[in-house]
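Note sheet for the following structure.
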Amino acid sequence: MHKPNILIIDALNLIRRIYAVEEKHTQDPKALIIACKARVHNACARLLKLKRFQYAVAIFDGRNSWRYQYYPKYKFSRAANA
């Protein structure tokens, strides 16, 4: 039986990392959002071109994610706003 190809994107992480880079180069808040949107779109498009995925999902995991239940020390050494 054929196994499905699934692309799982850690969307919040992707957006936060791109934002952090763009923030250093863009002073205008509106331009910052537009640049981030374009970069996130391009990154996802490149990921989708790697293989012919049957399914793709973007995961947004916030402060109380399942990871804390699985591993209580998840992000314990990071700053409070990280």
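Under a 1.4 angstrom probe, counting protein chains only, how are Val21, Val40 ranked by accessible area, largest first?
From most accessible down to least: Val21, Val40.
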Here the alpha-carbon Rg of the chain over 2.2 N^0.38 Å rounds to 1.35
Give the accessible surface of the chain per residue, rounded to a whole number of Å², with probe radius 1.4 Å and ligands, DNA and RNA excluded. 90
Modelled FRET efficiency - R0 25 Å, Ala58 with Val21, Cβ distances, 0.05 increments: 0.85
Give me the percent relative contact order of the chain, please, defined on Cα pairs under 8 angstrom at least 6 residues apart. 47
Quick one: pull the percent of accessible area on the chain belonging to carbon and sulfur, 1.4 Å probe, ligands and nucleic acids left out. 58
Which distance in nm do the two modelled labels at Arg67 and Ala79 give, with both placed 7 Å along the Cα-to-Cβ direction? 1.8
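The values are calculated or read from the model by the stated rules, or taken from the named source; none is laboratory data. Just so you know, these numbers come straight off a predicted model, no measurement behind them. All Cβ positions, glycine included, derive from the backbone under ideal geometry; neighbour counts span all protein chains shown. Protein only, heavy atoms only, side chains kept; ligands, DNA and RNA dropped before computing areas. Shrake-Rupley method; radii C 1.70, N 1.55, O 1.52, S 1.80 Å.
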